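Notes follow once the structure below has been shown.
The values are calculated or read from the model by the stated rules, or taken from the named source; none is laboratory data. Note that the structure is predicted; figures quoted are calculated from it, not measured. Every residue, glycine as well, gets a Cβ built from its backbone with ideal geometry; the counts of neighbours run over all protein chains shown.
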Amino acid sequence: MDQEIKLFGGTSNPALTLEVCDYLGTQPGKILAKTFSDGEIQVEIGENIRGRDVFVIQSTSTPVNDNLMQLLIIMDAMRRASAERVTAVIPYYGYSRQDRKVKPRVPITAKLVADLITVAGANRVVSMDLHAGQIQGYFNIPVDNIFAAPILLKYIESNLRDDLVIISPDAGGVERARAFAKRLDASLAIIDKRREAPNISQAMNIIGEVKGKTAIILDDMVDTAGTLTQAAAALKDRGAGGIHACCTHPVLSGPSIERIEASPIDSLVVTNTIPLSDKAKDCRKIIVLSIAELLGETIKRSHNSHSVSTLFV
């Protein structure tokens, strides 16, 4: 495409939108989003986008429903303004943990959200570290699921190189942890976790050797930090020399910050897919890495119809 990229941002993460625009050498598109007193959201696109390739950055993080609804309304406005193509850039995909039926008579909300995004007018979706890979199959439009691995690996290689062991906090994260361990030439351990209810878990056992090693707990997100801090306590009991954690999405809800500060975790490395709350910003254990360059390069390659997968080779 010979026209410049048109990039718009919702209100969920304006700082990330500005960083991506800086990388791309462009200005964010003009958009006005406001909320009426009864909670209704109104959006107005402030410039001509007829026939243009437009991207809208919006994480569906807290307040999840408001940010999701705003994303849908923005895309509907863009479609009605005759944009040629609309790409929803969703660094954090809310409702991603409701990706299957775990018991009778429950919804698959991740699929419902995919349908809403498609019907609202998205022609393509870009997301980062989806909680479950099968969510890509919930869409009937192209989905680029990019990974924060290059950013996290670079940080680990520069700062945490002494006798590493990569920890998967549950069986579902073993593939991710194994890939990191291979790249870092590190050993691998797994936490045997039993989940009793949503947001409530108990670390039961550690499979692998961690004594005297620098342990790095690897996950896609940290929500209430119950799993994370219980895993850290178990690692400490097993003699780990240092305990660090890395995740892509810092959801950090409820008592998460208090738990992290009281835990034996030395540092929690996250990315800026979700902006930190004021309380989280004050936590000295939390280190934030920017995904702006990776996201900006993905947007540029998508705009120019170039390969995105080569970013991760």
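Looking for something touching a residue at least 12 places away in the same chain (Cβ under 8 Å), touching a helix residue (DSSP H, G or I) at 6+ places or on another chain (Cβ under 7 Å), over 19 Å from VAL210 (Cα atoms) and assigned to a strand (DSSP E or B) - is there at least one such residue anywhere in the stretch 146-169?
Yes, the conditions are met somewhere in the stretch 146-169.
Give the stretch 134-144 a look and list any residue that's without any contact (Cβ under 8 Å) to a residue 40 or more places away in the chain and in contact with a strand residue (DSSP E or B) (Cβ under 8 Å, 6 or more places away or on another chain), or say none.
GLN136, PHE139, ILE141, PRO142, VAL143
Report the residue count in the stretch 47-93 for those that are out of contact with any strand residue (DSSP E or B) (no Cβ under 7 Å at 6 or more places or on another chain), within 30 Å of VAL222 (Cβ to Cβ) and among the polar types (S, T, N, Q).
Summing the residues that are out of contact with any strand residue (DSSP E or B) (no Cβ under 7 Å at 6 or more places or on another chain), within 30 Å of VAL222 (Cβ to Cβ) and among the polar types (S, T, N, Q) in the stretch 47-93 gives 4.
Just a yes or no: is a residue in the stretch 52-74 within 21 Å of GLU293 (Cβ to Cβ) and either aromatic (Phe, Trp, Tyr) or modelled with pLDDT under 95 (or both)?
There is at least one residue in the stretch 52-74 that is within 21 Å of GLU293 (Cβ to Cβ) and either aromatic (Phe, Trp, Tyr) or modelled with pLDDT under 95 (or both).
Can you tell me how many residues in the stretch 101-133 are among the charged types (D, E, K, R) and either in contact (Cβ under 8 Å) with a residue 24 or more places away in the chain or under 30 Å from LEU152 (Cα atoms) (or both)?
Summing the residues that are among the charged types (D, E, K, R) and either in contact (Cβ under 8 Å) with a residue 24 or more places away in the chain or under 30 Å from LEU152 (Cα atoms) (or both) in the stretch 101-133 gives 3.
Output the residues belonging to the stretch 124-138 that are touching a Ser or Thr at 6+ places or on another chain (Cβ under 9 Å), surrounded by fewer than 18 Cβ atoms within 10 Å (Cβ to Cβ) and either of a type in the set (D, E, K, R) or modelled with pLDDT of 95 or more (or both).
Selection gives ARG124, GLN136.
Quick grid of which residues meet (1) part of a helix (DSSP H, G or I); (2) hydrophobic (A, V, I, L, M, F, W, C); (3) at pLDDT 95 or above:
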site	(1), (2), (3)
MET78	yes, yes, yes
VAL89	no, yes, yes
VAL102	no, yes, no
ALA110	yes, yes, yes
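Return the residues of the stretch 36-79 that are hydroxyl-bearing (Ser, Thr, Tyr) and in contact with a Leu (Cβ under 7 Å, 6 or more places away or on another chain); say none if nothing qualifies.
Result: THR60, single match.
Would you kindly identify the strands (runs of 3 or more DSSP E) lying entirely within the stretch 181-298 that contain at least 2 residues that are modelled with pLDDT of 95 or more?
Per the criteria, 187-197, 214-222, 242-250, 267-271, 286-289.
Looking at the stretch 1-32 only, could you name the residues that are modelled with pLDDT of 95 or more, among the hydrophobic types (A, V, I, L, M, F, W, C) and not in a helix (DSSP H, G or I)?
LEU7, PHE8, ILE31, LEU32
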